[in-house]
1. Given the condition over 16 Å from Glu113 (Cβ atoms) and either modelled with pLDDT under 95 or touching a Pro at 6+ places or on another chain (Cβ under 8 Å) (or both), answer yes or no: does some residue in the range 140-158 qualify?
2. Considering each of Lys156, Lys190, Lys176, Lys147 in turn, give the residue that is surrounded by fewer than 16 Cβ atoms within 10 Å (Cβ to Cβ), among the basic types (Lys, Arg) and within 17 Å of the chain's Cα centre (by Cα).
3. What number of residues within the range 1-48 are part of a loop (DSSP other than H, G, I, E, B), open to solvent by less than 60 Å² (accessible area, probe 1.4 Å) and in contact with a strand residue (DSSP E or B) (Cβ under 7 Å, 6 or more places away or on another chain)?
4. Between a residue in the range 165-186 that is within 14 Å of Val120 (Cα to Cα) and at pLDDT 95 or above and any residue that is assigned to a loop (DSSP other than H, G, I, E, B) and among the hydrophobic types (A, V, I, L, M, F, W, C), which pairs come within a Cβ distance under 7 Å, given they are 6 or more apart or on different chains?
5. Which members of the range 128-149 meet the condition of being within 25 Å of Val184 (Cα to Cα), out of contact with any helix residue (DSSP H, G or I) (no Cβ under 7 Å at 6 or more places or on another chain) and assigned to a helix (DSSP H, G or I)?
6. Within the range 58-66, can one find any residue that is modelled with pLDDT of 95 or more and part of a loop (DSSP other than H, G, I, E, B)?
7. Hey, can you tell me all the residues within the range 163-173 that are more than 19 Å from Leu23 (Cβ to Cβ) and open to solvent by less than 60 Å² (accessible area, probe 1.4 Å)?
8. Find all pairs meeting these conditions: Cβ atoms under 6 angstrom apart; at least six residues apart or on different chains; first residue within the range 68-86 and closer than 18 Å to Val38 by Cβ and in contact (Cβ under 8 Å) with a residue 24 or more places away in the chain; second residue surrounded by fewer than 16 Cβ atoms within 10 Å (Cβ to Cβ) and among the aliphatic types (A, V, I, L, M).
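The values are calculated or read from the model by the stated rules, or taken from the named source; none is laboratory data. Note that this is a predicted model, so its numbers are computed, not measured. We place every Cβ from the backbone using ideal geometry, glycine too, and count neighbours over all the protein chains shown. These accessible areas exclude ligands, DNA and RNA; they are computed on the full protein's heavy atoms, side chains included. Shrake-Rupley method; radii C 1.70, N 1.55, O 1.52, S 1.80 Å.
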Amino acid sequence: MTRIFIEAKHKNTTESVFITTLLKYLGIEASSFEICWVDGKDNLIKNEVKFRENTLMGGRNIIIFDADTPSTGCGYTATRERILSTFPDDVIIDDLYLFPHNHDDGIFENLLEDLALKDVHSKFFDCFNDYELCLGDKYVSPDLKGKLHTYMSAQKSLSNTQRKALGSGQCLFDDKRFWNFDVVELQPLKDFLAANVR
């Protein structure tokens with residue numbers, strides 16, 4: 001079994017739901033993986049026992065975190081080095097992926113923005129960009145997470161049940177009306193999961 005360690009706090013988060021949906025999309029059996037919620041980048045060390053246990057059972061341990069940006073004191077290179085030096089040398093990290101594309105600075109939501117159907121929903125994205133410009137520097141613009149949440153909650157085709165479930169990370173990632181899992185930007189993560197989850 002592969003244990004997938006992610007930064008999210010629990011299973012009812014957009015990140016956790018997305019990874020589970022993508023694994024299903026790739027045809028990977030649910031019995032071959034377990035998602036472990038770390039609850040923030042600074043809590044990875046608290047999972048040392050889980051890494052050791054899984055290795056002893058013949059499993060693989062992979063990590064999927066945000067690369068973040070230099071403005072937050074991180075960025076792809078610094079985050080990679082920090083994670084790989086978190087544990088003693090005898091704790092096995094089989095592989096590591098950093099959002100958005102495993103080679104650049106950024107966060108999970110940067111990848112989600114790549115998957116959003118901007119051509120189909122151009123009205124939303126054009127209006128949202130105008131809204132951000134209109135706010136100027138007198139107000140705080142929503143962050144990217146807020147923008148993507150608004151993208152989904154603004155969809156008229158959602159039922160009340162689906163709209164309420166957005167707060168639990170249920171962003172309908174398997175619905176082709178909103179997300180495209182065939183974009184080139186998602187290929188590195190697909191390849192990473194296909195190579196590591198078995």
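1. Scanning the range 140-158 turns up at least one residue that is over 16 Å from Glu113 (Cβ atoms) and either modelled with pLDDT under 95 or touching a Pro at 6+ places or on another chain (Cβ under 8 Å) (or both).
2. Lys190
3. 3
4. Pairs that qualify, where the first residue is within 14 Å of Val120 (Cα to Cα) and at pLDDT 95 or above and the partner is assigned to a loop (DSSP other than H, G, I, E, B) and among the hydrophobic types (A, V, I, L, M, F, W, C), are Phe178/Leu117; Phe178/Leu172; Trp179/Leu117; Trp179/Phe173; Asn180/Leu117.
5. Within the range 128-149, Asn129, Gly146 meet the criteria.
6. Residues of the range 58-66 modelled with pLDDT of 95 or more: 58-66.
Checking which are part of a loop (DSSP other than H, G, I, E, B) leaves us with 58-59.
Within the range 58-66, one or more residues are modelled with pLDDT of 95 or more and part of a loop (DSSP other than H, G, I, E, B).
7. Initial filter on the range 163-173 (more than 19 Å from Leu23 (Cβ to Cβ)): 163-167.
Matches in the range 163-173: Ala165, Leu166.
8. Thr86/Ile45
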